[in-house]
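These notes concern the structure reproduced below.
The values are calculated or read from the model by the stated rules, or taken from the named source; none is laboratory data. Computed from a predicted model, the values in this text were never measured in an experiment. In this analysis, Cβ positions are derived from the backbone assuming ideal geometry, glycine residues included, and neighbour counts consider all displayed protein chains.
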Amino acid sequence: MRAVVDEQGRRSTPPRPGVLLRGGGQGIAEREAGRAARTHHPDKAFPNEAIWQLRDLMPAAVDGSAPLTIGPNTPEDATAYEIDPVRVTGWRKRKGEQKPIPHAKLLVLGEVGAESFGPDFWPDYHVECRFTPQRVWFGSANWTEGARYHLETGFVCGDPLLVEDATSFVAEMIAFSEPVDSACVGPEPNLVQVGYDDEAMAQAAAARQ
């Protein structure tokens, strides 16, 4: 999983499946309209179900509401989708204005795989897509083409607590982000919490007893 902030909107392409976040994204929306197509790599999209903080988040409906209400008969993979590899977060840049932007350059390295749970027979057998973070890279470089000509610093660490916290930080940033072609003036995350039909689920659970 990759989270990079390029506050100046310069080109950067994820080397493998991941999510690239650009700070000040609202300021680059217009001039990035054509670039978005070039930076969109469907084969490098990231499955939301691999990160537990993102499993119950889905792109909002047109009116901004939750696109799905989960009930007792909802398929397990109903909330699964692939997160765009390039997303933006922040405010649209305007001349003479200074807005806070995410300025962290952070890379979380790990593996996406499938883990099984329970006995090897239905209905208790369960396979889950999961991202296993292993290392954290952080430093001054923002992986733009110009960065290769600069004097930069970078550090890699495998401390479990740091890796866990960094993964949570990146997940929160993804949850707060928007599509790269967003035209919103300010931050308007398009990932929303799905709904739950608690009453129907309780009735279904009672009927099984």
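Against the criterion of being in a helix (DSSP H, G or I) and loosely packed, with under 13 Cβ neighbours inside 10 Å, Ala200 does not qualify.
Any idea which residue in the range 43-81 is modelled with the lowest pLDDT, counting only those that are assigned to a strand (DSSP E or B) and closer than 22 Å to Phe169 by Cα? Applying the filter and picking the extreme gives Phe46. With respect to the conditions (1) within 15 Å of the chain's Cα centre (by Cα); (2) part of a helix (DSSP H, G or I); (3) at pLDDT below 90, Ala166 lacks only one, and its number is (3).
Is the range 132-150 home to any residue that is in contact with a helix residue (DSSP H, G or I) (Cβ under 9 Å, 6 or more places away or on another chain) and at pLDDT below 90? Yes, there is a match, as at least one residue in the range 132-150 is in contact with a helix residue (DSSP H, G or I) (Cβ under 9 Å, 6 or more places away or on another chain) and at pLDDT below 90.
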